[in-house]
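Take a look at the structure below.
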Amino acid sequence: METAAEQHHEAPAGFVRRYIFSTDHKVIAKQYMILSLTMALIGGFTAYLIRWQLAWPETDIPGWGPIGPDNYNAIITMHGTVMVFFVAMPFLLGAFGNYLIPLMIGARDMAFPRLNMMSFWTVFTASVVLTISMFVPGGPAAAGWTGYAPLSDNPIYTGVTWGQNLWILALALEFGSFLMGGINFLTTALNMRAPGMTLWRLPLVVWMELTAAVVFLLSVGPLIAGALMLLADRTLGTGFFRPDRGGDPLLWEHLFWFFGHPEVYVVALPGFGIMLEVMPVFARKPIFGYRTMVWSTIAAGLLSFIVWAHHMFVSGMDPRLATPFSVTTILISVPFALLVFSMIATVWGGSITLTTPMLFALGGLATFIIGGVTGIFLGSATTDIFLHGTYFVVAHFHYTLFPVTFFGGFAGLYYWYPKMFGRMMNETLGKIHFWFTFVFFNAIFIPLFAVGTHGSPRRIYELSSYTYLQPFQYLHVIATYATIGLFIGQLPFIVNFIGSMVRGKRAADNPWDANTLEWATTSPPPHENFEHIPVVYRDPYEYSVPGENEDWIPQTRPEPQIVYAAAD
Amino acid sequence: MFSNLLPPNVSTFGGDVDHTFWMIFWIVGFWFVLAEGVLIYSIVRYRKGSTGAGTRAMFLRGDTPRQLAWIFIPVAIILFLDLAIDRAGASAWERIKGEIPPSDVTIKVTAKQFNWNFTYPGPDGKFGTADDITAENDLHVPAGKVVKFELQSEDVIHSFFVPELRLKQDVVPGRKISGWFQSDIPGTYEIACSELCGFGHYSMHGTVIVQNAKDYSAWLHDTWPTKFAANSASVKAN
Amino acid sequence: MSVGIETASHKAYTEGETTGIPMGKIGIWWFLASEVMVFGGLIGAYVLFRIANGGWADQAEHVNWRLGAINTLVLVTSSLTMILALSAGRSGRHQRAANFLLATVLLGLTFLGIKGVEYSREIAEGFTPASGMFWSFYFLMTGLHGIHVIGGIVFNATLYIAAVRGTLWSEHHEDRLEFAGLYWHFVDVVWIFLFPLLYLA
Ligand code: HEA
Ligand code: HEA
Ligand code: CUA
Ligand SMILES: [Cu+2]
């Protein structure tokens, strides 16, 4: 595998080599971003179908028509799969991981640029496969994004044939892609660091992307095996998950969640990392407890491997396992509390300017806390008896996934846009986008917590089919109006995102007076990122250092005595 | 003020579930309010300019024990509260999902796309005999008695969920999963399948009909006209 | 800026050597770590399952442990020739290294050949992936392993060609031999686990 160090150093000539099959991590990052935002349109549209159906089951859906219960199951399955695997991961790891890691550690590119290109085109193929699966005869997969067997295993139960096989194939490709990506992240961050860039000088987002990569690498294996088994069940007549052939459905649940829980932190950590880059810059304040955060991140990563059965408290597994898994699960609140409190302490006593990225970062933190604490209700096996499989779970995970994916993601997008595209985004449109997103996001999912506590199962096509739930239909109506508001709120973003590329005012190299290395090069950075490889002399967050007249000190500013040494 | 968040509880162990729920509710509620409070305060109080032009941010790197105490002491308290939650939860779980208490009635529950079948052993108290009775979607049980159920599925995974009973248990094909409940409050309570099981999942209804001794034996009476006496005796016995 | 590089505080900098460990090596190790998890999950599931279901002895007795044993021998030998190829390459005896590479490739092909014989016999006797849980696991695990063997053979074959052409013996490419070795040993080790679990247990 040819490494960046060995590559010749001029930008490739042709359009194809430069923009399509490019090995430049910056181009690849943008490809990931476009892919995830495009998939977000699908994810968003499916959300719209879901919401409309739930609010006004009897009416046809404008722009779509009526949907039946079987379509409904297919739609939520596609929604969940698309959002987690083809929006959140490409956005937070693919786009930001690829863009930031080399720039922030002072490298010219990823360790394995060709592998990097392959990773993208693999996940691209995966999303094509998934999209195709929505149109094959028999319809797309309809067993939920968790694909529980035997529903996902034996076509007679859903009538879905190729849709489910392609779903498995799409996931397998997606996993392969992010495995390659993870290997690249790790090798790059270990070996391509600029002189002086010690591990303790890495920006937190790099730490978190790395932890995410490791967690993914070590958790996905068993599910890859599981996917092969499921595919074999469906095509070769094996019966791993089929009781009628001697198999066991719970095996799938274990394989899925052994990956599934770590996976949610794989998504969460980079989102946190982005918020953590934005906050010190606009609070003009160092990160509070940098090392505490690094250790908490690692601790959360480790703990995530021993909590998976909290998704299975009432699954029929041995009930004696519940309490141990409850304990480990609730214990995770400790590293997360450390992270959350340190973030708040970072803002406390700052000199805060509420730019769009800052608003999204703060909004992400504020909303994530709700998602986090509601996790505790689910973490206690006893309360999970009642809450499992209800809308409380749905509200919980949107309150965790949405903040990291979209608040975190948008914070990063507004913050690094000037670096990526060399132009500033429009602040007014940005602020409108934030307030619409913030207000309406909460207005969607707060009511859904109540739907859950009143005992509504999730994945139901029509709430009113249960008499005890009919009084709460209005909560679904509120959530749906809010969803429409949320969508309208995305229009200023789309305008801003595309418009600023041509109209936005040219960005300075370091428009935010930030310290980290990506701001030490031009906006956008040249091919190979740096004129000269920068030398790192200090921590990434030295803001408002007493005695300095500037309130920021870039990581590349030499210590006084070294300047002196170099001078004579 | 939030007390109407949960449906009314009618089972004997539901109280434990609700107690744990409210315990968690108030603990995390407190920390939630505190965290959001400090966050919002900081944002308002430390807006640039609002502290008077030219004021600099504080230089707090949180790398001294004294500064770190500000986050580690709260987290120590949280760790303690976590363990308290675990304790409350563990004992309740043990009671609900642990050993099944000696039961008065045993009923076979068979889930299949998309309805619930309830099989009663009949007067002789044995399954698989001529006098077994299978009822579709309606589960009649006596109030004030421990009801044991054995869950089996004919096809995919379902979940036996009765909100008012605070009862949920997945039904997994290839396994026989037993559980129990007791309700002292006669009434009709809905069963809602809560594991995705196909296009009919949303309408996989059922009802639990808890009846006082009189109504229950009346129901038995027209279900098993013959041998009724023997049977009602066997129920009243304990 | 570049002046900084010579300053006292930093040793002279060459890109991509922060840790001193070759990049390919870090990469391949992480790759193997994830591979371990794939087979680990599969083997774990198999073992637990088999214990829970009382051994499947009736099905397991039909595998041909003799051919399995021979194959184990073949694969272990191929690991050995791989090591010899590497050490020969290190000590600059390129012809010898190439020969050992070729040997490794041929042994790999032998393994596949024998495995093919096994498969065809078993299928002839009517044992397919659908003939019960043991056979499901047997075919899936040996099949997945087989695919890895094929991958290794391709990898090694390209190196053999490079070795013969001499293009392998350049500064950067020589350690590719080592990476190929690491991978090949991994494939071998997996088999060392599969053989007793599938043929002897
Ligand atoms: C980014 C994604 C993300 C994140 C970060 C989390 C975080 C957590 N999740 Fe969540 N979860 C999901 C995504 C996520 N989850 C998804 C997608 C599902 C559903 C999958 C499906 O079934 O479809 C799910 C489901 C799920 C379940 C299964 C529910 C069920 O199906 O029955 C459980 C149960 O324990 C759980 C628990 C937790 C816990 C304890 C945390 C903890 O990590 C939270 C820790 C954080 C905090 C606690 C907040 C910060 C701390 C404080 C403010 C201090 C105060 C705190 C205390 C006093 C405790 N989650
Ligand atoms: C990251 C993950 C993620 C995200 C962001 C969302 C976002 C949303 N989700 Fe989703 N959801 C899941 C993951 C996610 N969901 C999962 C895993 C499930 C479980 C599935 C299952 O049960 O199997 C689920 C299930 C689920 C349900 C439950 C269905 C059921 O159980 O019956 C509902 C119901 O309201 C719902 C609604 C919504 C809504 C209204 C949004 C809104 O927030 C959506 C808002 C949309 C956007 C913000 C995108 C707008 C577009 C752009 C920003 C791109 C701009 C484009 C360019 C510039 C080119 N979701
Ligand atoms: Cu049965 Cu859902
Ligand atoms: Cu989880």
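Miscellaneous remarks
- Of the residues making up the range A:235-253, just one is more than 16 Å from ligand 2 (Cβ to nearest atom), crowded, with 24+ Cβ neighbours inside 10 Å and part of a helix (DSSP H, G or I), namely A:Pro249.
- Test: A:Ser456 is at pLDDT below 95 and either within 12 Å of another protein chain (Cβ to nearest Cβ) or over 12 Å from A:Leu54 (Cβ atoms) (or both): no
- With respect to (1) more than 27 Å from A:Tyr148 (Cβ to Cβ); (2) modelled with pLDDT under 95, the lone exception for A:Ile105 is condition (2).
- Within the range A:445-461, residues that are closer than 14 Å to B:Lys168 by Cα sit with their Cβ atoms under 9 Å from residues that are acidic (Asp, Glu) and within 12 Å of ligand 2 (Cβ to nearest atom), at 6+ positions apart or across chains, in these pairs: A:Pro457/B:Glu195.
- Evaluating B:Glu136 against the criteria (1) among the acidic types (Asp, Glu); (2) within 30 Å of B:Phe199 (Cα to Cα); (3) in contact (Cβ under 8 Å) with a residue 60 or more places away in the chain leaves one unmet condition, (3).
- Sole residue being within 14 Å of chain B (Cβ to nearest Cβ), within 15 Å of ligand 2 (Cβ to nearest atom) and either in contact with a His (Cβ under 7 Å, 6 or more places away or on another chain) or of a type in the set (S, T, N, Q) (or both), chosen from A:Gly371, A:Gly389: A:Gly371
- Any hit, the range A:194-208, residues being more than 18 Å from C:Trp30 (Cβ to Cβ) and of a type in the set (D, E, K, R): yes
- Residues (among the small types (Gly, Ala, Ser) and over 18 Å from A:Leu475 (Cβ atoms)) located in the range A:48-87: A:Gly63, A:Gly65, A:Gly68, A:Ala74, A:Gly80
- Where A:Thr400 falls short, out of the listed (1) within 16 Å of ligand 4 (Cβ to nearest atom); (2) at the interface with chain B (Cβ under 7 Å from one of its Cβ atoms); (3) closer than 23 Å to A:Ile76 by Cα; (4) not acidic (Asp, Glu): (2)
- A:Leu169 facing another protein chain (nearest Cβ under 8 Å), surrounded by fewer than 24 Cβ atoms within 10 Å (Cβ to Cβ) and within 23 Å of A:Val123 (Cα to Cα): no
- The set of residues in the range A:181-198 being crowded, with 24+ Cβ neighbours inside 10 Å and either in a helix (DSSP H, G or I) or facing another protein chain (nearest Cβ under 7 Å) (or both) consists of A:Gly181, A:Gly182, A:Ile183, A:Asn184, A:Phe185, A:Thr187, A:Thr188, A:Ala189, A:Asn191, A:Met192, A:Arg193.
- Subset of the range B:151-185 [part of a loop (DSSP other than H, G, I, E, B), in contact with a Phe, Trp or Tyr (Cβ under 9 Å, 6 or more places away or on another chain) and within 19 Å of B:Ser11 (Cα to Cα)]: B:Arg166, B:Gln182
- Within the range B:47-139, strands (runs of 3 or more DSSP E) holding 3 or more residues that are β-branched (Val, Ile, Thr): B:105-112
- Selected residue (only one of A:Gly349, A:Gly371 is in a helix (DSSP H, G or I), small (Gly, Ala, Ser) and either away from ligand 3 (no atom under 16 Å from the Cβ) or surrounded by 23 or more Cβ atoms within 10 Å (Cβ to Cβ) (or both)): A:Gly371
- One residue from A:Ile298, A:Ile274 being in contact (Cβ under 8 Å) with a residue 24 or more places away in the chain, more than 7 Å from chain B (Cβ to nearest Cβ), under 22 Å from the mean Cα position of the chain (by Cα) and more than 14 Å from ligand 1 (Cβ to nearest atom): A:Ile298
- The set of residues from the range B:20-50 being facing chain A (nearest Cβ under 7 Å) and of a type in the set (Val, Ile, Thr) comprises B:Thr20, B:Ile24, B:Val28, B:Val38, B:Ile43.
- Screening the candidates A:Phe434, A:Phe402 for the property of being in a helix (DSSP H, G or I) and within 16 Å of ligand 1 (Cβ to nearest atom) yields one hit, A:Phe402.
The values are calculated or read from the model by the stated rules, or taken from the named source; none is laboratory data. The structure displayed is predicted, hence computed values, not measured ones. All Cβ positions, glycine included, derive from the backbone under ideal geometry; neighbour counts span all protein chains shown.
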